[in-house]
Structure formats: C-alpha cells, structure tokens
Amino acid sequence: MVTFSRRQWIPVIVGALGYFVDIYDLVLFSIVRIESLRSLGILESDLMNVGVTLLNSQMFGMLIGGILWGILGDKRGRLSVLFGSILLYSTANIANAYVETVSAYAFWRFVAGFGLAGELGAAITLVSETLPKETRGYGTAIVAGIGVTGAIAAGLTADFLPWRSAYLVGGAMGLALLILRIGVLESGMFLSQKLQKARRGDLLMLLNKPKRFIRFVACVGIGIPIWFVVGILMTFAPEFSQALHIQGPVTAGYAILFCYAGLSVGDFASGFLSQIFGTRRRVVLSALLMLLALVFTLLLSRGLSNQAFYALCFALGLSTGYWAIFVTVAAEHFGTNLRATVATSVPNLVRGSVVILTSSFRGLVEPLGILGSAMLVGTVSILLALISLAYLEETFGRDLDYLEV
C-alpha cells in the first residue's frame, strides 16, 4: 500500500486541483468554439478556419509561457510559478467572458495560454522533488489523473451554461484555488541547490551540449501525439463525424469529455503500471502502439453510431493517458537547476506543436481531404514519438538530487 506523509500529500492534492482548473480552462475553447463564434457573427463556412486561428493563439501563448515560466521556476522557485500562472490565466478567462470581437477573443486566448503554461510543469516538478524516488510515479499519476477530469467538468459546464458563463466559472475556480496554495511548501531540493553557485534556469545549457539538447528534444517528441488527438481529432470532431457519416449528432464538447475520461483512466493506469513494472519507457511504447492502431480505426470507420464514435474517443483518450509519465520522464531526465525549465517548457512545447499540427492539417485538407490529412499528420507525429523514445533512457527510480553542469 502506498502512503504519503501530510507534507507529501499537500503538494499532490493542490497540484491535482490546480491541474484540474488548468485543463478545464485549456479545453474550454475547443468545447465552446462553435457556440461562441456563432454568437460573435462568424459564418458557418468560416467556423473551422477561425477556430484554428484562435486555438493557435492560445497555443502560441503556451509556447512562450512554457519557456518563461520554466526559467522563473528554476530561478525564483516552484511556488512563484504556481501562484503567478494561476492568477494570470484566471484573470484572462474572466476577460474571455466579455469579448465581442474575434481579435479580442484571440488576444485573451493568448494571455490565457501564457498563464496556463506554468501550472503543470511546476506542479510535477514540486511533486517529483517532494516524494521519495520509489513512489513519485504514484504522485504524478494522481496529479495528472485527477487533473484531466477538468475537461469532463468543462464539457458538463458548457452543456448547462452559456459559453460566457462557462468562462466565468473557470476564472472563479482559479482564483479560489489561490487560497489553497498558501499552505504549500517550497521544494527542499530547490532550496538546497539555491545555496550553491550553479547556473539555474539557463536555456543555453540546453543548447550547449548536443547530448543534453537531444534529450530535451526527445522529451518533447514523445508527447506530440497526445495533442494531435486533442487538438485535431477531438476539437474538430463535428467535422470528422460528417466526413465519416456518423449516425447521430456529434459535438466537440462530448468528444472531449469522453476523450478526457479515457485520458484520466489512462493516466492512473500508466502511472501505476510504471511503478508496478519498474519502467517508464515500456509503458509509453505500449501506449504509442495502441494509439497508432486506434487512429487508423477511427479514420477508416464509416457509418458508425454516435455512441460508437464516442467510445472510440474514450479509447483514444485511454491510449494518450501516458501524459503523466511523459511529464515525469522530462523531469527525471534533468538536474535540479534545470528541472523546472524542462518540466514546464516540454509539455508546453508539445501543446504549442498544435500550431504546426493544425497548420499542416489545414494545408493538407484540400489535396488529401479531411480524413487523409488527419491520417498523415497523425501517423507522422506517432512515428516521431517512437523515434524520440528510442533516444531516452529508463528513468524509473532515478535519484533527482543532482545538478546539470
């Protein structure tokens, strides 16, 4: 039986709740995309293209924020990121409730994305450095497994409330979470290494040694397929359902809800399996192979019922449930003076890759069709992940109390 002390449980619980709000706000745009854009007067024929533009604004904000929050986490501490990021994205999501133009919508999605970028990496770094090396996989699995259910909450909230109210709920939850953060203590490893004259949060250190740079790029590579599923297959589920002649209505909200329900189960399962079998790499490999098979299954299916389509969304979420391990692996591959920079920037570079994925997908729709475009982009992203995994070492049980030099 896994047991944590009170000091160890607090960052796990607060990290899980913070990630819950993070995911709620992160996927809310994808869920309310059509409703919100229609209310702003966007034509039906432009819903997909404008949606891609706004999604890219959010993800570009996450790309920039992931780097800057990570550097701040290594220079100023993990807690500074946890407080600052949630304050920023909560404020931005409240502002999203009052937008009247697409340009204002894009600006506040960018600001929200910038704020959201700091949450997960700081939480995983803090949990990884607080828990014993033998059990930290359980802690990160709990953070991710509970956190991703925020997408389910977003789907249900958007189903019962107008889109503007759904944004207000997300902002209010974030501000309320700030109170819980008061009792969280800073990482002991961070406080200890602050006394040493080591370079902290220095991006050049990720570039000045080829092996370290390849390690960093490989950590990013293994996570890209996750956001192919969320950013393309789930976000544009209504368009895919039409191309596949799905019987019955399909909404992005329910597609994301079922996908993240599967992702939550997958996060718990992958985290606990990695602890039971003592391996991160083999669990990720199994998930990627399962994902490849499911992408082809979805895109080659025709005439399914909407229930069967949603079941495939759940299965796709289950196969992308290695998200917890993916971020944990990134944290475990680098020393304390670069850990927050890496653990924060890597998942946000993955999220930011949606800009490349959606742009490639949109550019290939005309020559290949929506299904052919998705199949090509998805296959390439999964193959890149498999190649990246081959460059990474097994990190299960690794001692994290060391510095990069």
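The values are calculated or read from the model by the stated rules, or taken from the named source; none is laboratory data. The structure presented is a predicted model; accordingly, all values stated were derived computationally and were not measured. For neighbour counting, all protein chains shown are included, and Cβ atoms are generated from backbone atoms with ideal geometry for every residue, glycine included. These accessible areas exclude ligands, DNA and RNA; they are computed on the full protein's heavy atoms, side chains included. Shrake-Rupley method; radii C 1.70, N 1.55, O 1.52, S 1.80 Å.
Quick rundown of the values:
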quantity	calculated
Rounded to the nearest 20 debye, dipole of the chain from Cβ charges on Lys, Arg, Asp, Glu	1000
Carbon and sulfur %, accessible surface of the chain computed with the full protein complex present, 1.4 Å	69
Residue 227 accessible area, assembled protein chains, probe 1.4 Å, Å²	10
Equivalent-ellipsoid semi-axes of region 167-308, from the Cα gyration tensor, Å, largest first	37, 23, 16
Tensor-based shape of region 333-405 (alpha-carbon gyration tensor, a/c under 1.5 rounded, otherwise prolate or oblate)	prolate
Intensity falloff of region 1-144 expressed as log10 I(q)/I(0), Debye formula with alpha-carbon point scatterers, at q = 0.09 Å⁻¹	-0.33
Cα-derived Rg over Rh, computed across region 194-262 with Rh taken as Kirkwood radius	1.31
Relative contact order computed over the chain (Cα-Cα under 8 Å; 6+ residues apart), in percent	26
Rg to Rh quotient for the chain, alpha carbon positions, Kirkwood Rh	0.95
Förster-model FRET efficiency, 35 Å R0, residue 209 and residue 76, C-beta, rounded to 0.05	0.90
Solvent exposure ordering (accessible area, 1.4 Å, most first) of 202, 22, 399, 46	399, 46, 202, 22
Segments 259-265, 369-375 sorted - mean Cβ within 10 Å per residue, highest first	259-265, 369-375
Inter-label distance for residue 103 and residue 135, nm, one decimal - labels placed 7 Å from Cα along Cα-to-Cβ	5.5
Estimated [θ] at 222 nm from DSSP helical runs (n ≥ 4, -39500 (n - 2.57)) normalised by residues in the chain, nearest 500	-26000 deg cm²/dmol
Residue among 322, 233, 344 farthest towards the positive dipole end of the chain, charges placed on Cβ	344
Positive-end residue, the chain charge dipole about Cα centroid, Cβ charges, pick of 172, 68, 246	68
Kirkwood-Stokes translational diffusion coefficient of region 65-141, alpha-carbon pairs, 25 °C, 0.890 mPa s, µm²/s	182
Largest-first ordering by accessible area, 1.4 Å probe, given options 206, 156, 386	156, 386, 206
Gaussian network model of the chain, springs between alpha carbon atoms under 10 Å - residue of 178, 368, 54 with greatest fluctuation	368
Whether region 7-76 is rounded, prolate or oblate, judged on the alpha carbon gyration tensor where a/c under 1.5 counts as rounded	oblate
Listed residues 57, 192, 165, most fluctuating in the chain (Gaussian network, C-alpha, under 10 Å)	192
